[in-house]
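Colleague: The following block contains the structure, expressed as structure tokens.
Only the coordinates and a few stated rules stand behind these numbers; no lab work does. Since we're looking at a predicted model, the values are computed, not measured. Reconstructed Cβ throughout: ideal geometry from the backbone, glycine too, with neighbour counts over all protein chains shown.
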Amino acid sequence: MRSDDLRLGTYAVVDVETTGLDAARDRVVEVACIRIERGRITERLVSLVDPGREIPPRASAVHGIYDCDVRRAPSLATLREGLLAASEGATVVAHNARFDLGFLPFLATRPVVCTMRLAMHLIDASSYRNEALRERLGITMPPGLGPAHRAGADAAVTGAVLGRLLERYAQGPFPQTIPGLIATIAKPASLGRFAFGAHRGTPVARVPASYLRWILATGFEDRHDVRSTAEQELARRGRKISA
């Protein structure tokens, strides 16, 4: 049974390497699932995956997986039951969960925590990439883990990042349950700086009002954190002027 107490939580940390970025057209070439119970790793599933198609050179350049590596690998359909078993009764965790679970939709029915979004609520950073967060949080991974952009190594980093983020989360004014954690992550984050554009890395308080208004006028409908941050900052400045 899944515990709603963060200190006793059971998490299944997943990561995929793929032939590209589009879950509708691309396929998985490597998958990892690391099960963590009461802060300890209890199960690790890492496997190359036969995508049933050629791996584009641009994808191989990122993760270093080539057609010859996956020629005798199992299909994702074959690995499905093992992944479901490894995540049974757990909260599924991924860094940029929308991407990974787009390729693993059979896990999306479980409770899901995205460490990238959780970090946005807890840390003021110019980058929320997994490796950037690892460095920012002072995490040293054990030797022999493997290179970045491999599913096993990336899942291990995500698990370590999750642990540090939960420590920070526990110190904040947040509901200390899994449902509360998920609900918090679902809300727009108030960003300390934007990770794009002409004012990338600049504290939001120093970003010109014209740029904030441009964000709202341009749309950013699928980036609720960005829109919400721009709206809040403009409102803050309006209150300051009127005070």
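Colleague: Along the charge dipole of the range 2-144, pointing to its positive end and built from +1/-1 on Cβ of Lys, Arg, Asp and Glu, which listed residue (H95, A32, P51) has its Cα farthest out?
Modeller: So the residue we want is H95.
Colleague: Something else: Please compute the modelled spin-label separation between F106 and H224, points set 7 Å along Cα→Cβ, answer in nm with one decimal.
Modeller: 2.9 nm
Colleague: Can you list the residues, at least 5 places off or on another chain, whose amide H is less than 5 Å from the amide H of L191, using H built in the peptide plane?
Modeller: Hits under the 5 Å cutoff: T229.
Colleague: Mean Kyte-Doolittle of at least -1.0 plus a Cα span of 20 Å or more along the axis: flag which DSSP H helices in the chain meet both, please.
Modeller: 151-170
Colleague: Give a residue-ordered list of calculated ³J(HN,Hα) values for the range 129-145 (Karplus: 6.51 cos²θ - 1.76 cosθ + 1.60, θ = phi - 60°; whole Hz; x for Gly, Pro).
Modeller: Residue by residue, the range 129-145 yields 5, 4, 5, 5, 5, 4, 5, 4, 8, x, 8, 10, 8, x, x, x, 6 Hz.
Colleague: For the range 189-243 and the range 1-70, what is the separation of their Cα centres, given in Å?
Modeller: The two parts, judged by their Cα centres, are 34 Å apart.
Colleague: In addition: Taking the Cα-to-Cβ direction at M141 and at R129 and moving 7 Å from each Cα, how far apart do the two end points lie in nm?
Modeller: 1.3 nm
Colleague: Here is a further query. List the GluC sites (Glu not before Pro) within the range 35-68 that fall in a DSSP loop (any state other than H, G, I, E or B) and whose Cβ has at most 14 other Cβ atoms within 10 Å.
Modeller: Answer by residue number: E54.
Colleague: Please go through the range 60-133 and write out the trypsin sites (Lys or Arg not before Pro) that DSSP classes as loop and that have at most 12 other C-beta atoms within 10 Å.
Modeller: Hits after loop and neighbour filter: R71, R72.
Colleague: Give me, ordered by chain and number, the residues 5 or more places off G9 or on other chains with an amide H under 5 Å from its own placed amide H.
Modeller: Under 5 Å from the amide H of G9: R38.
Colleague: What is the distance, in nm, between label points placed 7 Å from the Cα along the Cα-to-Cβ direction at R38 and at L8?
Modeller: Reported label-point gap for R38 and L8 is 1.0 nm.
Colleague: Taking 8 Å as the Cα distance limit and 6 or more residues as the minimum spacing, I'd like the relative contact order of the chain as a percentage.
Modeller: Rounded, it is 19 percent for the chain.
Colleague: Assuming R0 = 41 Å, what is the FRET efficiency of A183 and S75, from their Cβ-Cβ distance, to the nearest 0.05?
Modeller: The calculated FRET efficiency here is 0.70.
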